[in-house]
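Asks: Pasting a structure below so you can have a look.
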Amino acid sequence: MKIIALNASYRGDKGHTRRLIDLLFEGAQAAGAECEVVTLAKYKLNRCLACDQCHTPEHYLKCIYADQDDVAEIFAKIAAADLVVYATPVYVFGISGLLKTFLDRLYWTSDVNEMRVTRSGLFFHHVDESVCSKPFVSLICCDNLDPEMPRNTREYFRIFARFMDAPHVGELIRSGGWLFGYGHNPKAAERFPKIDAVYAAYRQAGRELARNGRISPATRRSANQEIIPVPCFGLLKRLRPFKQVMVQKAKALRLLV
């Protein structure tokens with residue numbers, strides 16, 4: 001099993017996204033998987049110009065930037081892998097601009113004039129299955145505890161899976177990173193003992209990916225669990241008065257982090 005993770009954080013290898021990838025890969029490597037992290041912030045990624053040169057006879061399925069940036073190299077890495085982890089923080093309610101710029105470049109790998117019906121029953125065009133249709137895990141992180149914050153990002157990957165005929169074999173969502181110091185502040189983490197179980201679940205998720213090619217529902221629930229040590233927090237945080245109390249608590253915690 002070869003797994004490649006695309007780290008789409010602007011903070012690169014210093015961000016919480018990379019920390020979560022590393023935990024996932026600890027488990028995967030322990031179970032025998034070959035793992036590689038591609039930190040998009042380190043690569044040259046030109047934006048798609050929608051020039052359509054890649055759909056002309058002279059440049060058929062070849063981008064004008066193919067020899068001028070690193071996208072083709074990353075596509076080759078994906079093609080050689082068995083499974084992809086799309087790891088992104090939430091930026092302005094969606095995937096990061098880095099990841100969007102990269103995924104826009106999939107346009108030149110597909111013959112948009114060859115229409116078809118996907119296995120999920122949607123109208124779409126031809127895609128390069130070696131790049132677009134790999135089984136994948138979405139790994140989403142954000143500081144905001146409100147479930148609305150990652151909603152668009154979750155939906156993006158759900159739609160991506162259906163149009164690309166790409167099996168979505170796991171969804172990991174980690175909120176509240178600043179509360180426990182993004183895994184780098186032991187004193188902050190002490191206030192949230194559940195984070196140890198979350199990190200253990202990430203390692204277990206990696207082992208399951210290596211062995212079974214997907215994350216089990218039980219492990220996903222454990223990895224995505226609420227870390228606030230308050231009973232029924234998932235329900236309480238939907239109530240405006242409780243949210244107002246949480247805002248005040250958060251202000252106090254900010255002073256301690």
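Readers should treat all values here as calculations from the given coordinates under stated rules, not as data from a laboratory. Keep in mind that what you see is a predicted model, and the values were worked out from it rather than measured. A quick note on method: Cβ atoms are made from the backbone with ideal geometry, for glycine too, and the neighbour counts reach across all protein chains shown.
Asks: For segment 1-106, what value does the Rg/Rh ratio take when both radii are computed over Cα atoms and Rh is the Kirkwood radius, given to two decimals? Provide the component values of the computation, followed by the final result.
Replies: Values: Rg = 15.1 Å, Rh = 14.8 Å.
Checking Rg against Rh, the ratio lands at 1.02.
Asks: Would you mind working out the magnitude of the charge dipole of the chain relative to its Cα centre, with +1 at each Lys and Arg C-beta and -1 at each Asp and Glu C-beta, to the nearest 20 Debye? Present the calculation step by step, with values, prior to reporting the outcome.
Replies: On the way: 36 positive and 27 negative charges, 300 e Å.
So the magnitude is around 1440 debye.
Asks: How many angstrom lie between the C-alpha centres of segment 80-129 and segment 12-34?
Replies: Each part's Cα centre sits 23 Å from the other's.
Asks: Which FRET efficiency value, to the nearest 0.05, is calculated for H126 and V37 with the Förster distance at 35 angstrom and r the Cβ-Cβ distance?
Replies: On the way: r = 30 Å, r/R0 = 0.85.
For H126 and V37, the calculated efficiency is 0.70.
Asks: Add -39500 (n - 2.57) for each DSSP H run of 4 or more in the chain, then divide by its residues: what number comes out at 222 nm, to the nearest 500 deg cm²/dmol? Display every interim value, and only then the final one.
Replies: Numbers: 10 runs with 103 residues, N = 257.
The per-residue figure over the chain is -12000 deg cm²/dmol.
Asks: List, in the order given, every pair from K42/K100; K44/K134; K14/K42; K2/K77; K2/K100; K2/K194 whose Cα-Cα distance in the structure shown is over 20 Å. The partial results should precede the final answer.
Replies: Values: K42/K100 15 Å; K44/K134 23 Å; K14/K42 12 Å; K2/K77 10 Å; K2/K100 24 Å; K2/K194 30 Å.
Among K42/K100; K44/K134; K14/K42; K2/K77; K2/K100; K2/K194, the Cα-Cα distance tops 20 Å for K44/K134; K2/K100; K2/K194.
Asks: Most fluctuating residue of A30, A81, A210 in a GNM of the chain with Cα springs under 10 Å: which is it?
Replies: A30
Asks: A further question on this structure: Name the residues whose placed amide hydrogens come within less than 5 Å of the amide hydrogen of S175, ignoring near sequence neighbours (fewer than 5 apart) on the same chain.
Replies: Amide H neighbours of S175: C142.
Asks: Now, a different point. For a test of the definition: using alpha carbon positions, the gyration tensor, and the 1.5 limit on a/c, classify segment 2-225 as rounded, prolate or oblate. Write out the running numbers ahead of the final one.
Replies: Details: a/c = 1.93, a/b = 1.74, b/c = 1.11.
The shape class here is prolate.
Asks: Something else now. In degrees, nearest 10, range 0 to 90: what is the angle between the Cα axis of helix 240-256 and the longest Cα principal axis of the chain?
Replies: Orientation of helix 240-256: about 90 degrees from the principal axis.
Asks: Taking GluC sites (Glu not before Pro) that fall in a DSSP loop and have at most 14 other Cβ atoms within 10 Å as cut points, what is the longest piece of the chain between them?
Replies: Numbers: sites that count: E114, E148.
Longest gap between qualifying sites, sites excluded: 1-113.
Asks: Also: What is the order of V198, V117, V137, fewest Cβ neighbours within 10 Å to most?
Replies: Working: V198 21, V117 9, V137 24.
So the ranking, lowest neighbour count to highest, is V117, V198, V137.
Asks: Also, I was wondering about something else. Which of these, L61, L40, L209, has the largest mean-square fluctuation under a Gaussian network model of the chain (Cα springs below 10 Å)?
Replies: Looking only at L61, L40, L209, the biggest GNM fluctuation is shown by L61.
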